[in-house]
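Written out below as structure tokens is the structure these notes cover.
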Amino acid sequence: MADINLKGMGVALITPFKQDESVDYEALNRVVDHIVRNGADYLVVLATTSESPTLTEDEKKQITQLVIQRVNGRIPIVLGVGGNCTRSIVDKLKHDNFDGIDAILSVVPYYNKPSQEGLYQHYKAIAEATKLPIILYNVPGRTGTNMTAETTLRIARDFKNVVAVKEASGNIVQMDDIIKNKPANFNVISGDDGITFPLITLGAIGVISVIGNAFPREFSRMVRLALAGDYEHARTIHHQFTELFSLLFVDGNPAGVKSMLNAMGIIENKLRLPLVPTRITTFEKIRDVLEKLNIKY
């Protein structure tokens, strides 16, 4: 199993669309360049923020190949490989080409509402189907199921290629329990920009960020300062972004960050149904905050 350094700020990459809803590959190149040159530590492709449920298999392959070519080995690439059919994921892991991919991110199965034993068996099958490092992804607000600290730790102890969990349960006690009791080769990554700073102070190693699409330089600096123990300066940046954190998700993800990237002139403000752009009122508030932050690109 190849090692991957997940310390710092990973970015959950968006998928830009043209007005006709086709994938805007030129804009995707711009976004990737913007993120990589401004300090991201790794990229996460085809996760929730990419609107992956609305992408065809052919589009997913094209996006993955484009990102691999554009990044050109500068930073690691994590690929989202998850779902609610264990057999399909196992088949994909066994037969697809993962050249250029450094790890996979696999979300807790959604809609089916498996038991904790079901979650354990699901990830057991995935861990045994690949030699790639695996990041678990717990986001009960989207999946309808919370993977408990006990289950996460059980998986972490039993499968050496399960190297981290992206925790977006919003439950600080649960996250702290994992950090406190985890094996040495397993790490906790924040799945929520707004609590990244406090979670790092508890022992998390960074974040898989949404806001990093728009502000990779500033947010990666906050993460690095916090990891270095410079909490005073990290907290200052964290508080600068507090208002944007709330605006980011008020109309759903990735509507907020897409409107930010649109205001910065990088992409068109287009999503695929059933997702729609932010309301005009939210967009105006975002523009006001961007002006106040006075971040120039």
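Computed from the coordinates by the stated procedures, all read-outs in this text should not be read as laboratory data. This is a predicted model, so every value here is computed, not measured. Using ideal geometry, Cβ is built from the backbone for each residue, glycine included, and neighbour counts are taken over all protein chains shown.
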Sort largest first and round to whole Å: the equivalent ellipsoid semi-axes of region 145-297, each the square root of five times a Cα gyration tensor eigenvalue. 31, 19, 12
By how many nm would the segment from Glu268 to Thr54 lengthen if fully extended, with 0.36 nm per residue of separation less the alpha-carbon distance? 75.3 nm
Using alpha carbon centers only, region 72-98 is separated from region 1-23 by a whole-angstrom value of 13 Å
What FRET efficiency do you get for Tyr25 and Arg217 if R0 is 22 Å and r is their Cβ-Cβ distance, rounded to the nearest 0.05? 0.35
Starting from 0.36 nm per residue, how many nanometres of slack lie between Glu128 and Thr281 once their C-alpha separation is accounted for? 50.3 nm
Out-of-range pairs (alpha-carbon distance over 25 Å; input Lys7/Lys92; Lys7/Lys285; Lys258/Lys285; Lys60/Lys292): Lys7/Lys92; Lys7/Lys285; Lys60/Lys292
The exposure ranking of Leu6, Leu290, fewest beta-carbon neighbours within 10 Å first, is Leu290, Leu6
When ranked by the protection proxy of mean other Cβ atoms within 10 Å per residue, highest first, what sequence do the peptides 40-53, 60-73, 203-216, 178-191 form? 203-216, 40-53, 178-191, 60-73
